[in-house]
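Beneath this line is the structure, given in structure tokens, with notes to follow.
The values are calculated or read from the model by the stated rules, or taken from the named source; none is laboratory data. Quantities reported herein were computed from a predicted structural model and do not represent experimental measurements. Here Cβ is always computed from backbone atoms with ideal geometry, including for glycine, and neighbour counts include all displayed protein chains. Please note that ligands, DNA and RNA were not included when accessible areas were found on the heavy atoms of the full protein model with its side chains. Shrake-Rupley method; radii C 1.70, N 1.55, O 1.52, S 1.80 Å.
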Amino acid sequence: MPTALSPDLGDLARVEYRASFARAVAEHRVKPFVLPYSLLGTMILAPFWLAIPHAKRPWLYHTRWLIVGLVIALNLELICSVSSYNVASAYGAGLMGFWGILHTMDLLVWNRPQFDSARIVKAAKADSATLDKPSLSKETVTLSSNGAPRENGARQRKLDNSPEPKRHSARDDDDGTEYVWQPFPENGSFLQRLNWSTDFVTNYRCIGWNTCITSVPRPETPARIRPGDHASLNSMPVVSRSGFKRCTTESEFLWSRIRTISIQYMVLDFLAVFMMKDPYFIFGPDRNTADHQLPSYLNHLPAWALLIYRQLFCLAGIYAAIGAMFSVHDLFQYYIASQIFHVRKEIWQYTTIWGPFSQVLDRGLAGWWGACWHQTFRLQFCAPATYLIRNGYLTKGSLTAHTVTMAVAFLQSGILHASGSMSSVPETKIWRAPMFFLLQPLGIMIQQALLWVVDGYLPYFPRALRRTLTLIFTVIWLHITATLFCDDLASTGLWLLEPIPFSFFRFLGFGQANDHCWRWDHNQLPTWHWGKHWWTTGLQI
């Protein structure tokens, strides 16, 4: 008689997940995650409003509150009532919803892009005979405060909108072009203004802008920027003080991204196979899994070792997914988005995703979160505290400012991840992620106080021993608190995701007996959704 194959718990959980989602949609408890409607509050309203000149029209500038209110309403609906048959998209709906609120607040409340922001662009060096033309062609953006030609013989520069040549250093080319600063082109065409605003909205770390985060390599930014001022990239460091490194050649950029994607692909493949052998990653921590035994290699582990195993797998999954995703994002920006935003064809725009581990050895938890971990949302997380410092409510460099900045950043990060938990299909405990992130500033302050004592009263304390103790404290604190976040991710069903199309580990026989090497089917791919209204019709992900 043929041997009966045991059911794959992962496949059973996925079927159960999709059935729960279909039932929730049928009962009108959730709505499908549909594009482009779901992008309206996060990626559409803000750039279109920023493309309308308002620096000299106060009444129009006040309409930003209407946009902020509309974005909050749309994105709260996204967080509370939208989900997906795809576990990653379901979690991502909540993330995108709250991040859209944070980003819009950063753009329209905490900052004034049309007044204060400027980007670096490539410009053609024009001689005086060319500069006296009063009209602006479609390919020209005049670099003055209001978009008008400069008077009194001041030099103007014609922006080159052709695709940029491949370049291998952050220096001006010898082809008659140079880097210049471009504030908001108020008198440019609508498409030129929309290009400027969309570039700003979609550049999360603002590399190439005067608002760039400080942890990555960036050019010198003058205190006052006039339109058309030369942007000096000659002194731009290859490695920032936080340890982030930029690429210097196209081949270095290309192969670093391909290498990262290849390595993370195999890591995700390995994790996807072996996570599906542990009921914790399949059903989460809140479901009774007594009927489902652990695999033999985990069954005899003590509780503390099993906890560490699961935390390490969770960390590896997050690290690999983010690393692969942003590497693909960088390739997309360099080869495709650069056709619209031409300066993204410049190699100096691209830095490493993660900072060096030495930051953890020297700074502990502060180095882990402030430099070693990816800094994609740093601007948005710190924006409220930065606003308070800039306007004199907090004193820059003071303990109060430092504490408020940490508390605000980690609170917003906690709510961001709680939003992902809320938009997931299974029942979750949404307090877990905020609790995890709110415990991090407490750990940072305790550790910094201890390091202050060591550095102040033991000046000859061995550096190697200091780093060892710093690392031990960091690991212990993260280990104690990480269970909250790991449990939250597992309860959302996120690890049921099939992250890769073809599994080499399953091909080699490491999966379940009835596993297939090809992992993607129609359940992992977008489908077309016909909604009740035209605006709710679109691509369901």
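Table for the structure above
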quantity: Residue within the stretch 532-541 that is surrounded by fewer than 19 Cβ atoms within 10 Å (Cβ to Cβ) and of a type in the set (D, E, K, R) present; calculated: yes
quantity: Failed item in (1) in contact (Cβ under 8 Å) with a residue 24 or more places away in the chain; (2) part of a helix (DSSP H, G or I), with Leu465 passing the rest; calculated: (1)
quantity: Number of the exception - Ser358 against (1) of a type outside the set (Val, Ile, Thr); (2) out of contact with any helix residue (DSSP H, G or I) (no Cβ under 6 Å at 6 or more places or on another chain); (3) under 21 Å from Ala88 (Cβ atoms); calculated: (3)
quantity: Matching residues in the stretch 371-396 - criterion: being of a type in the set (S, T, N, Q) and open to solvent by less than 30 Å² (accessible area, probe 1.4 Å); calculated: Gln375, Thr376, Gln380
quantity: Considering residues of the stretch 413-433 that are open to solvent by 20 Å² or more (accessible area, probe 1.4 Å) and without any contact (Cβ under 8 Å) to a residue 60 or more places away in the chain only, the residue nearest to Ala19 (Cα to Cα); calculated: Ile430
quantity: So Ser262, is it modelled with pLDDT of 90 or more and open to solvent by 10 Å² or more (accessible area, probe 1.4 Å); calculated: yes
quantity: Residue that is nearest to Arg29 (Cα to Cα), among those in the stretch 389-422 that are of a type in the set (Gly, Ala, Ser) and not in a helix (DSSP H, G or I); calculated: Gly392
quantity: Filtered residues of the stretch 19-62 (kept if part of a helix (DSSP H, G or I), surrounded by 16 or more Cβ atoms within 10 Å (Cβ to Cβ) and not hydrophobic (A, V, I, L, M, F, W, C)); calculated: Ser20, Tyr37, Ser38, Gly41, Thr42, Pro47, Tyr61
quantity: Qualifying residue in the stretch 492-502 (condition: part of a helix (DSSP H, G or I) and farther than 20 Å from Ala88 by Cβ); calculated: no
quantity: Boolean, Ile318 is surrounded by fewer than 18 Cβ atoms within 10 Å (Cβ to Cβ) and under 21 Å from Trp520 (Cα atoms); calculated: yes
quantity: Selected residue (criterion: most open to solvent (accessible area, probe 1.4 Å)) from residues of the stretch 77-95 that are over 18 Å from Gln524 (Cα atoms) and in contact with a Gly (Cβ under 7 Å, 6 or more places away or on another chain); calculated: Leu95
quantity: Failed criterion for Leu70 (all others in (1) open to solvent by 30 Å² or more (accessible area, probe 1.4 Å); (2) at pLDDT 95 or above; (3) not in a helix (DSSP H, G or I) hold); calculated: (3)
quantity: Candidate set from the stretch 397-412 (those that are more than 26 Å from the chain's Cα centre (by Cα) and not polar (S, T, N, Q)); member that is least open to solvent (accessible area, probe 1.4 Å); calculated: Gly397
quantity: Which listed residue, of Ala407, Ala449, Ala464, is among the hydrophobic types (A, V, I, L, M, F, W, C) and within 30 Å of Leu76 (Cα to Cα); calculated: Ala407
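The rows are residues; the columns are (1) among the aliphatic types (A, V, I, L, M); (2) touching a residue at least 60 places away in the same chain (Cβ under 8 Å).
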| position | (1), (2) |
| --- | --- |
| Leu12 | yes, no |
| Ala26 | yes, no |
| Val30 | yes, yes |
| Phe48 | no, yes |
| Tyr61 | no, no |
| Leu76 | yes, no |
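A quick yes/no check of all residues on (1) surrounded by fewer than 18 Cβ atoms within 10 Å (Cβ to Cβ); (2) of a type in the set (Gly, Ala, Ser):
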residue: Pro279; (1), (2): no, no
residue: Ala290; (1), (2): yes, yes
residue: Leu294; (1), (2): yes, no
residue: Leu301; (1), (2): yes, no
residue: Cys314; (1), (2): no, no
residue: His329; (1), (2): yes, no
